[in-house]
Amino acid sequence: MLAEVLKSDITRLDVDAIVNAANRSLLGGGGVDGAIHRAAGPGLLEECGKFGHCDTGKAVITKAYNLPCRHVIHTPGSVWRGGGNGEAELLKSCYMSCLSLACDYELETIAFPSISTGIYGFPLREASHIAVFTVFSWNKDFPRKVIFVTFSEEATEIYREVLSRFNVR
Ligand code: AR6
């Protein structure tokens, strides 16, 4: 698996799929979800509405409308409630569900934001370990490359440090 950390607004990336840190209604919100819906335009909301909802830890795939990427994979992340309520397992499940869709659709490159670490309050360091470990445990043919998209200096440093332990070439 090829993997890199990129500090960027995920809506600007021209990749096969970007992941949206959504909520179970799939009807948009703040954070990266709001940015993705704003940049994609109303077609995305209309398509999301057809799913009804999506459980925490699962994922759905849509078209990308006005975004430069080809698909958007929407996954409702786990809400942090202190750590003893299955939050880590659910966050891992988010990454697995997205990777599984990328595999089904034979997507080469997928970009993840740091799911659950904004409004949902998941501690960044623990979330980055789950993200990187889950991606490197994935051993199917697709995706071939994962981009961990960070939005702050702190997240960028943490992800680079965690990734450097796996990316020994
Ligand atoms: N590009 C890349 N990363 C971003 C961007 C962006 N444009 N904007 C924010 N981030 P959050 P959550 C980072 O709050 O915690 C929404 O209302 C941000 O710095 O977007 O999973 C949904 O509808 C943080 O590290 O998602 C849900 O209700 C990470 O993305 C709820 O928020 C995730 O922060 C989901 O909360």
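The values are calculated or read from the model by the stated rules, or taken from the named source; none is laboratory data. Note that the structure is a prediction, hence the values are computed from the model and not measured. Methodologically, a virtual Cβ is constructed for each residue, glycine included, from the backbone with ideal geometry; neighbour enumeration extends over all protein chains shown. Keep in mind that these areas ignore ligands, DNA and RNA; they rest on the heavy atoms of the full protein, side chains included. Shrake-Rupley method; radii C 1.70, N 1.55, O 1.52, S 1.80 Å.
Descriptive notes on the structure:
- Only one of Thr75, Thr62, Thr11, Thr56 that is farther than 26 Å from Arg165 by Cα, in contact with a Leu (Cβ under 8 Å, 6 or more places away or on another chain) and touching a residue at least 40 places away in the same chain (Cβ under 8 Å): Thr11
- So Gly82, is it outside any helix (DSSP H, G or I) and open to solvent by 30 Å² or more (accessible area, probe 1.4 Å): yes
- Qualifying residue in segment 13-27 (condition: assigned to a helix (DSSP H, G or I) and modelled with pLDDT of 95 or more): no
- Filtering segment 148-169 to residues that are within 11 Å of the ligand (Cβ to nearest atom) and in contact with a helix residue (DSSP H, G or I) (Cβ under 9 Å, 6 or more places away or on another chain) leaves Phe148, Val149, Thr150, Phe151, Ser152, Glu154, Ala155, Ile158, Tyr159.
- On the stretch given as segment 32-52, residues that are within 9 Å of the ligand (Cβ to nearest atom) and either within 17 Å of Cys98 (Cβ to Cβ) or in a loop (DSSP other than H, G, I, E, B) (or both) total 3.
- For segment 135-169, the set of residues classified as part of a loop (DSSP other than H, G, I, E, B) and open to solvent by 100 Å² or more (accessible area, probe 1.4 Å) consists of Asn139, Lys140, Asp141, Arg144, Phe151, Val168, Arg169, listed by residue number.
- The numbered conditions (1) surrounded by fewer than 24 Cβ atoms within 10 Å (Cβ to Cβ); (2) in a helix (DSSP H, G or I); (3) within 16 Å of the ligand (Cβ to nearest atom) are all true for Leu91 except (1).
- Residue in segment 111-133 that is basic (Lys, Arg) and within 22 Å of Thr11 (Cα to Cα) present: no
- Qualifying residue in segment 63-77 (condition: surrounded by 23 or more Cβ atoms within 10 Å (Cβ to Cβ), more than 17 Å from Leu107 (Cβ to Cβ) and under 13 Å from the mean Cα position of the chain (by Cα)): yes
- Filtered residues of segment 99-112 (kept if touching a Phe, Trp or Tyr at 6+ places or on another chain (Cβ under 7 Å) and within 16 Å of the ligand (Cβ to nearest atom)): Phe112
- Val132 vs. criteria open to solvent by 30 Å² or more (accessible area, probe 1.4 Å), in contact (Cβ under 8 Å) with a residue 40 or more places away in the chain and among the β-branched types (Val, Ile, Thr): no
- When residues of segment 8-26 are limited to those that are within 9 Å of the ligand (Cβ to nearest atom) and open to solvent by 30 Å² or more (accessible area, probe 1.4 Å), the one nearest to Ala155 (Cα to Cα): Asp9
- Residue selection: Leu107 satisfies the criterion of being open to solvent by less than 70 Å² (accessible area, probe 1.4 Å), in contact with a His (Cβ under 8 Å, 6 or more places away or on another chain) and either over 11 Å from Ala3 (Cβ atoms) or not aromatic (Phe, Trp, Tyr) (or both).
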